[in-house]
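Throughout, read-outs are computed from the coordinates displayed, never taken from laboratory work. Just so you know, these numbers come straight off a predicted model, no measurement behind them. Backbone-built Cβ (ideal geometry, glycine too); neighbour counts: all protein chains shown.
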Amino acid sequence: MLEQLDAVVLIGPMGSGKSTVGHRIAQSLDWAFFDTDRWIEDSTGADIPWIFEKEGEAGFRRRETLALETAMNQSRCVVSTGGGIVERPENRDLLKASNACVVYLKAPATVLAGRVGSDPNRPMLQAGNPLEVLENLLARRAPWYLDCSDWALDTDGRSARELACEISQRLTGAV
Ligand code: S3P
């Protein structure tokens, strides 16, 4: 399966482990690693809270689409995305049309809230009670995560190492 793919893309909510798991998969496949949030910060020279403050969520989402387009132009690349990547229809179209394996990392809102709390580096969580925010975001985004992904994996109670191993093994046909 791996030989036919240009990319492995991880999608899912904040706190689902996309960056940690993605980095590990890239190491195990010996592929490049692309984190859309890090790319946005590096290309802007500013952190995400600053971008939200100066440009609003809309400005951040425009940059995020550019990040995803850039990522999808790479080959042999593991891509970790921000939780809101599925918000824009053009991003969803890009994910669905791509020659990538898109994996949805799932977790219940209560587990996500325990992992991320009210992290000041995540502007979406500053809008109120983190659990309620995460529940509302998940209610809207979960159908998009499912629609854009090839597999969904439960992350609750599982380490990043286990998840990365499972994904790498399924991609290389080892299981
Ligand atoms: C966001 C998730 C964040 C980051 C930004 C917006 C969201 O990424 O892209 O703060 O809208 O859910 P993580 O999912 O890596 O935390």
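When +1 charges are put on Lys and Arg Cβ atoms and -1 charges on Asp and Glu Cβ atoms, the dipole computed for the range 1-53 relative to its Cα centre reaches about 220 debye.
Summing Cβ point charges (Lys, Arg +1; Asp, Glu -1) relative to the Cα centre of the chain gives a dipole of roughly 160 debye.
Take the chain, connect every pair of alpha-carbon atoms lying under 10 Å apart with a spring to form a Gaussian network, then pick out the residue of LYS18, LYS54, LYS96 with the largest mean-square fluctuation. Maximum fluctuation in the GNM of the chain, among the listed residues, is at LYS54.
Of the residues LEU171, ALA139, PRO123, the one whose Cα sits farthest toward the positive end of the charge dipole of the range 73-172, with +1 on the Cβ of Lys and Arg and -1 on the Cβ of Asp and Glu, is LEU171. Counting neighbouring beta carbons within 10 Å and listing from fewest to most, the residues TRP151, TRP39, TRP31 come out as TRP151, TRP39, TRP31.
Across all Cα atoms of the range 48-175, the radius of gyration (one decimal) and Dmax (whole number) stand at 15.4, 47 Å.
When the Gaussian network model of the chain links Cα atoms closer than 10 Å, the mean-square fluctuations of PRO130, PRO49, PRO89 top out at PRO89. A simple count of charges around LEU153, restricted to other residues whose Cβ falls under 14 Å of its Cβ and scoring Lys, Arg +1 and Asp, Glu -1, yields +1. For THR155, THR70, the sequence from fewest to most other C-beta atoms within 10 Å is THR70, THR155. Each of GLU166, GLU53, GLU3 was scored by other Cβ atoms within 10 Å of its Cβ. Listed from fewest to most, they are GLU3, GLU53, GLU166.
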